[in-house]
1. Would you say residue 32 is touching a helix residue (DSSP H, G or I) at 6+ places or on another chain (Cβ under 6 Å) and either surrounded by fewer than 21 Cβ atoms within 10 Å (Cβ to Cβ) or not assigned by TED's automatic domain parsing to the domain that holds residue 126 (or both)?
2. Considering only residues that are surrounded by fewer than 20 Cβ atoms within 10 Å (Cβ to Cβ) and in contact (Cβ under 8 Å) with a residue 40 or more places away in the chain, which ones fall in the stretch 119-135?
3. Test residue 9 against the criterion of being crowded, with 21+ Cβ neighbours inside 10 Å, in contact with a helix residue (DSSP H, G or I) (Cβ under 8 Å, 6 or more places away or on another chain) and closer than 20 Å to residue 79 by Cα, and give yes or no.
4. Just give me the residues in the stretch 200-218 being in a loop (DSSP other than H, G, I, E, B) and either at pLDDT below 95 or in contact with a strand residue (DSSP E or B) (Cβ under 6 Å, 6 or more places away or on another chain) (or both), in sequence order.
5. Among (1) surrounded by fewer than 16 Cβ atoms within 10 Å (Cβ to Cβ); (2) not assigned by TED's automatic domain parsing to the domain that holds residue 316; (3) not in a strand (DSSP E or B), there is one condition residue 241 misses while meeting the rest; what is its number?
């Protein structure tokens, strides 16, 4: 059985202050085209369909456009979707009974019967897919009176045990959106959200009996201990920390029970790349390829001397600058000093640092006086 494994679409997300609507439309269109060409047996979407629990009308339209494009492919491809921690379970699950007739299966939350199951058949027999949306222990305690789970690991483990799954003879696939951890820490990104102290972590050993675990939540593609327990990662780069990632669409082939998996990474082409560039202002203004001009760029300037409005100069060359950082002997010395002492800044000082970080230069004396007046007014109110 062949299936696409997607997750963390984050439809409606912005990268810094830039809209990603067209970038997301382009990449979802490429997924739809791959589905037309390769016609997988099923498509799995492992949570975080939307970036916000109350998505914009624009985001909902894009999601509808994507689902509609997939649903008109003939013969129809089943689509299995779970909610993630960014989604509203109730909103995502809306019209799920109606969509089930179109072979679109939505699991926004765990039911009284536990996980939603969908069984499909290929030449080797049945494959049962278990849809486990994002959960907290409090979400499922009512299902286990007298032995309520206290941790995320206990919650997932009890739900799986309650399903009476035949792991010996049958092929079983889990679709889940949690922070699973193996022996070592997984790779994480700046665009992800975690609980303080790692309270939301789930021991990956509780899902190792599945023939494949299609995971969502982490934005970098990676396996957790075993190749069959896998995060597919995002289709787009959602932070500067992901600049080096090679994003791809995962095509998984599940053969006969006990046979090794085959995982193929299909190439996708974003509308705009996320890049890091470092050098002096003159170097970055001179060394620009045509492809970079419209990309999302994080810039680190290494000039030692004070620069005249570097952000404005860079804006003439790069159309989507995410940030401008300064890295020279002065900033390094300042970081060393911060290691020794922590200074409590005034609001004006904090804003001055923010301005310099974003604009690449300090405020003028006139601008500083203007901001001081504003802070004084606020203080007096």
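1. Working: touching a helix residue (DSSP H, G or I) at 6+ places or on another chain (Cβ under 6 Å): yes; either surrounded by fewer than 21 Cβ atoms within 10 Å (Cβ to Cβ) or not assigned by TED's automatic domain parsing to the domain that holds residue 126 (or both): yes.
Spelling it out, residue 32 is indeed touching a helix residue (DSSP H, G or I) at 6+ places or on another chain (Cβ under 6 Å) and either surrounded by fewer than 21 Cβ atoms within 10 Å (Cβ to Cβ) or not assigned by TED's automatic domain parsing to the domain that holds residue 126 (or both).
2. 120, 122, 124, 125, 126, 128
3. Numbers: crowded, with 21+ Cβ neighbours inside 10 Å: yes; in contact with a helix residue (DSSP H, G or I) (Cβ under 8 Å, 6 or more places away or on another chain): yes; closer than 20 Å to residue 79 by Cα: yes.
Criteria met by residue 9.
4. Looking only at the stretch 200-218, we keep the residues that are in a loop (DSSP other than H, G, I, E, B), and these are 200, 208-211, 217-218.
Residues satisfying the conditions are 200, 210, 211, 217, 218.
5. (1)
The values are calculated or read from the model by the stated rules, or taken from the named source; none is laboratory data. Remember, predicted model here, so these are calculated numbers, not experimental data. Positions of Cβ are backbone-derived with ideal geometry, glycine not excepted, and every protein chain shown enters the neighbour counts.
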